[in-house]
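Below: the structure, in structure tokens.
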Amino acid sequence: MFRFNLSSRAIAIIIALLVGVVLTAYAWAAPTLPFQQAVLAGGVTIAGCFLLVYLAFEALMFREINNIYAGLEHIKRKEFRRLSNKFLFRPEPLKRMREEIIDMATRKQREIDELRRLQQLRSDFLADVSHELKTPIFAAQGFVHTVLDAGEDEAFIREKFLLKAATALDALDALVQDLVTISQLEKGVVRMRRQVFDLALLVREIFEQLELKAAKRHVTLALLPAVLPASGVRVLADRNRIRQVLINLIDNALKYGREHGHVTVTLQETSKSVRVAVYDDGEGIPEEHQHRIFERFYRIDKSRSRESGGSGLGLAISKHIVEAHKSTIRVRSAAGQGTTLDFKLPKPRLPLSD
Ligand code: ADP
């Protein structure tokens, strides 16, 4: 490979010295020229050669290189990267240019790799979405056709299958709504509307909403500590979004927890924040699945989760919401020992007057 690490000045000096030495030796060796004049002629030759070669290099070759470099700088400027305009007439321009090109190529390669990764994620997501949509659509389609095929006198069958079709369409509606929510959260277009509210009151409201579901599985819902401050447990957060997170977590605890079991929500206050933990005494989440349950559509037991009507997006949405509150959602679980999911919310800074 062509390697060239000398500056134009160094090359000019080397060439000038070579020419000068040869000419001086020749002039001295000739009988007509005295030694002093030969040295003088040599000096003048070296100086002249140096200037000629140096300027020729600068003017021709490095002007072109500088043009290429200016082009590179222009591209870099477009990328808002750190610039150095000190390239002109600096030593070792070729070496510097090679480094620049390698650096730029490495950066571009990194960008290409990232784009490829995003492209892969996008196509995986599309495949997942179409797969998830297929299930309720096919179910509803099948039920509607059964109703259409039912005879005049089969009112009972018609009603039964219309109900099933309605349930499948409800699941489809929930899935589409969750898809809209997650895509908005991922795009970052959702703003959290922070307000001060009583977290204990919110948990009690959700318990009421899920009472029937809990009763069906004979699960007891409890809020701890049993005695809470009269002023409530105040936090500064987006009430509706936190409601969505808590519904997801408590609903999961009911779905995947033990029948005849217990689901407990604990609110633990510190000076600056409140830790919310949702615990169930179900069969737990094996270690190898724990870091994956927050991924879109990730389910441990595919058939069981789908049967229970979840969109597979609940925890992915919850994670986004909790992170938008500058907190992290954690899972603590061991097979056979129940599951706890928890996160922190900030308390309001100023005590409220009411
Ligand atoms: P889904 O709609 O399937 O419930 P989620 O995102 O809410 O989707 O949960 C993802 C997966 O994590 C569930 O399918 C389930 O396998 C697992 N999971 C969530 N919560 C619990 C829990 N409390 N106990 C056991 N497994 C759980």
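Miscellaneous remarks
Conditions tested, residue by residue: (1) at pLDDT below 95; (2) open to solvent by 70 Å² or more (accessible area, probe 1.4 Å); (3) farther than 22 Å from Ser333 by Cα; (4) not hydrophobic (A, V, I, L, M, F, W, C).
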site: Asn240; (1), (2), (3), (4): no, yes, yes, yes
site: Asn248; (1), (2), (3), (4): no, no, no, yes
site: Asp251; (1), (2), (3), (4): no, no, no, yes
site: Lys255; (1), (2), (3), (4): yes, no, no, yes
site: Thr264; (1), (2), (3), (4): no, no, no, yes
site: Leu267; (1), (2), (3), (4): no, no, no, no
site: Thr270; (1), (2), (3), (4): yes, yes, yes, yes
site: Glu283; (1), (2), (3), (4): yes, yes, no, yes
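- Pair list, Cβ < 6 Å and 6+ apart or interchain, from the stretch 31-46 residues that are free of Cβ contacts under 8 Å to residues at least 12 places away in the same chain to residues that are open to solvent by less than 100 Å² (accessible area, probe 1.4 Å): Leu33/Ala27
- Which numbered condition Leu315 misses (of (1) at pLDDT below 95; (2) open to solvent by 10 Å² or more (accessible area, probe 1.4 Å); (3) under 21 Å from Asp128 (Cβ atoms)): (1)
- Restricting attention to the stretch 192-215, the residues that are loosely packed, with under 14 Cβ neighbours inside 10 Å and under 13 Å from Val263 (Cβ atoms) total 2.
- Complete set of residues in the stretch 16-40 that are open to solvent by less than 90 Å² (accessible area, probe 1.4 Å), hydrophobic (A, V, I, L, M, F, W, C), farther than 17 Å from Leu52 by Cα and assigned to a helix (DSSP H, G or I): Ala25, Ala27, Ala29, Ala38, Val39
The values are calculated or read from the model by the stated rules, or taken from the named source; none is laboratory data. No experiment lies behind these values; they were computed from the predicted model shown. With ideal geometry, Cβ positions are generated from the backbone for all residues, glycine too; neighbour counts draw on all protein chains shown. These accessible areas exclude ligands, DNA and RNA; they are computed on the full protein's heavy atoms, side chains included. Shrake-Rupley method; radii C 1.70, N 1.55, O 1.52, S 1.80 Å.
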